[in-house]
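In what follows, a structure is listed as structure tokens, so that the remarks can point back to it.
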Amino acid sequence: MSENQKEANLPIAPFPKNVVMSGIRPTGMIHLGNYFGAIRNYVRMQDNFECYFMVADLHSLTTHPDTSLLKNQVKRVIAENIACGLDPEKASFYCQSHVRETGELYLYLNMLAYKGELEKTVTFKDKVRQHPENVNAGLLTYPVLQTADIILHRASHVPVGKDQEQHLEMARNFVVRFNHRYGTVFPEPHAFNFDQELIKVPGLDGTGKMSKSENAYSTLYFGDDNDLIRKKVMKAKTDSGPTEPNSPMPDYIENIFQLMSLVSSDDVIKKYKSDYDNCSIRYGDMKKQLAEDMVQFMAPIRQKTNDLLANDEYLVKVMKDGAEKAGNSARKTMELVRNAMGLNYF
Ligand code: TRP
């Protein structure tokens, strides 16, 4: 690359168009919130973009050094995501640890990341609070590894939730620093979601949203059997019902309608909405209906997941194919990186 090119900030090689990359932590089972918040978005993107979806098994070592459960968890996440519609033929679906170039890029990026900014990261501070006995350097440089994941494919579009905003901002800073120092290799990655508005999946206890860490009874996991799904839905908070026509809805009732809107038919929703408005609503019936519609929606995904988990050969093939596709993309990028950095002595 000429000095002129560097000065003009021209890309060393044209940026690939609209590459999508995201990582999925292999800790815990996926739930309804993951489905509507993330996976459904991935499934739509895979038809329109070059997509890389990765199981972040190395990231999980920062907090879960015991790897004895990891193998099964990795396979479960892969099976669950495929059961939800992710298609390994369309997207590259791979494990972080199978693409060794990630480690190399992470090393280079670590020289561009400052201790001060890493220590200020909100997720780092949270982890320090939760695990004061294991504040390791991997935890500190978690956002650096995440940046390596993303830019290894020169991706610009990163479908993630709000909680990852700061990591993406840091990724952009590392990219700007790299490009400035060594030449413009990487596009700046941004959070990207297919829908403008992210779908909210409220918890069943009337507060907050469904999430792994919240009270397990408020979250519907795809691993839950039908009876557990019914039990959880029936326990959702209600009251004795409105006494005045067209009353405003309390949050916890609105949440039940919101959950219905995800899995029930329009007719069903209309019926309960009008029952609410004319004060004839029976929440017991409404929850029974929601429970059945939820079972209808979730049971086939659970079944598909179990079928996939029983087919180890297939899961291994998915991992190998994914590693190959992601590896090809990674090797191309690392050529550019080493050349730009001048790590090419012969
Ligand atoms: N840190 C992300 C999370 O906690 C997971 C992740 C790892 C990721 N690497 C990534 C997300 C790359 C987007 C892009 O959910």
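The values are calculated or read from the model by the stated rules, or taken from the named source; none is laboratory data. Predicted model, so just to flag it, every value in this text is computed and none were measured. Just so you know, the surface numbers come from the protein's heavy atoms only, side chains and all, with ligands and any DNA or RNA stripped out. Shrake-Rupley method; radii C 1.70, N 1.55, O 1.52, S 1.80 Å.
Annotation: amide H-H contacts under 5 Å for His190 (H modelled 1.01 Å from N, sequence separation of 5 or more, or interchain): His157, Val158.
List the pairs from Lys71/Lys332; Lys200/Lys317; Lys120/Lys162; Lys237/Lys270 whose alpha-carbon separation is above 23 Å, in the order I gave them.
Lys71/Lys332; Lys200/Lys317
Of all the options Leu107, Leu32, Leu290, the one that moves most in a Gaussian network model of the chain with Cα springs shorter than 10 angstrom is Leu107. Ranked by solvent-accessible area (1.4 Å probe, protein heavy atoms only, all chains present), the residues Met341, Met234 order from largest to smallest as Met234, Met341. A Cα-only calculation for segment 48-110 places Rg and Dmax at 13.2, 38 Å. Using just its DSSP H runs of length 4 or more, each adding -39500 (n - 2.57), the chain gives a mean residue ellipticity at 222 nm of -15500 deg cm²/dmol after division by all residues. For segment 223-306, the Kirkwood estimate of hydrodynamic radius, built from reciprocal distances between every pair of different alpha carbons, is 13.4 Å.
Here is the tail figure for segment 113-183: Cα pairs spaced more than 21 Å apart come to 27 percent of all pairs. Accessible area of Leu228 (1.4 Å probe, protein heavy atoms only, ligands and nucleic acids ignored): about 50 Å². Counting Cα-Cα pairs of the chain in 10 Å increments starting at 0 gives whole-percent bin shares of 5, 22, 29, 23, 13, 6, 2, 0, 0.
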